[in-house]
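Student: The structure's right below; bear with me while I get my questions together.
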Amino acid sequence: MSRRSLFQASVAGFAGILAGQAALADQHVTGAEVARLITDKLAEVYLEGDPALAPTRKFPSCKGKITIDPLFGGWNTVAVRCDVKNGWEFAIRTNLTTTLAPVPIAEFTPRQQTDGPISALTTGRVSSQSATQAGMADEYDVVMLTRSMARGDVITPDDVTLLPVPARNVSGVFFAAADVIGRRMKTPLSARRPLQTRHLMPAFMIEEESEVLISSGAGGISVDMVGYALENGQFGDWIKVQNASSGKTVMAKVIDEKKVVVIAKNS
């Protein structure tokens, strides 16, 4: 073969390679591929669905990662995004086939105070650690949100449900809705995600600006007054409180819910 023929063959081969790379870069993403990504994402949050997508539907090519995120505070509709600069985004209905499990009313009944973290209260359930060690169950019902919540939101009974999760994922979670009702979110959290202690602000026994009973005792005589907390406080903390009648601010020790004690000086 002459040098000219070899050169022409090389040019033709190089052009073929470039054409192949261009074709791959321009390759469309199919509806079947997007549907699989959506169902995989739903499975991560313990849901099942049948995305409203034709398998042959063509989406634009994406040189980056395709992400799936919930829309409108839930998973009934998801945002499918090509996560690159100037990427694309589509809203897709998931047609969920699973529904929220209702939480028994008994879960919201007040309970007695116990020592230790609130998350240790399990209304008769064995702790996840001991249960796992004993091989008693593969799944446990844990508290999850029914809607996406932002930092600072207060959890209400309508915001929580119980759903099963694998025993291996039971760490720092809550087993009873009563443990989280009234608590404030520390970080944002999507619906259908297990609620963990790290997601919540500390559960103060007395909260700032709340009404408190100020107890003051001296010489065997105890006097109770109404006041207001100027700081948050856990049991045993010394916090600033204000006497509602005199307006005087004093330091008092938290001894119970809504109750503090002032140690009066002996004359």
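Student: Name the residue that is surrounded by the most Cβ atoms within 10 Å (Cβ to Cβ), counting only residues in the range 145-168 that are out of contact with any Phe, Trp or Tyr (no Cβ under 9 Å at 6 or more places or on another chain) and part of a helix (DSSP H, G or I).
Tutor: Out of the qualifying residues, it is 159.
Student: Quick check on this structure: which one of 259, 248 is farther than 30 Å from residue 170 by Cβ and within 33 Å of the chain's Cα centre (by Cα)?
Tutor: Working: 248 fails: within 33 Å of the chain's Cα centre (by Cα).
Going through 259, 248 in turn, just one is farther than 30 Å from residue 170 by Cβ and within 33 Å of the chain's Cα centre (by Cα): 259.
Student: Looking only at the range 229-239, how many residues end up being surrounded by 16 or more Cβ atoms within 10 Å (Cβ to Cβ) and either among the polar types (S, T, N, Q) or over 32 Å from the mean Cα position of the chain (by Cα) (or both)?
Tutor: Result for the range 229-239: 1.
Student: Then there is this: In the range 51-62, which residue that is assigned to a loop (DSSP other than H, G, I, E, B) and touching a helix residue (DSSP H, G or I) at 6+ places or on another chain (Cβ under 8 Å) is nearest to residue 37 (Cα to Cα)?
Tutor: Initial filter on the range 51-62 (assigned to a loop (DSSP other than H, G, I, E, B)): 51-57, 60-62.
If we keep only those that are touching a helix residue (DSSP H, G or I) at 6+ places or on another chain (Cβ under 8 Å) too, we end up with 51, 53-57, 61.
On the way: 51: 10, 53: 12, 54: 14, 55: 13, 56: 15, 57: 14, 61: 15 Å.
Among them, the one singled out is 51.
Every number in this text was worked out from the coordinates using simple rules, so none of it is lab data. Remember, predicted model here, so these are calculated numbers, not experimental data. Using ideal geometry, Cβ is built from the backbone for each residue, glycine included, and neighbour counts are taken over all protein chains shown.
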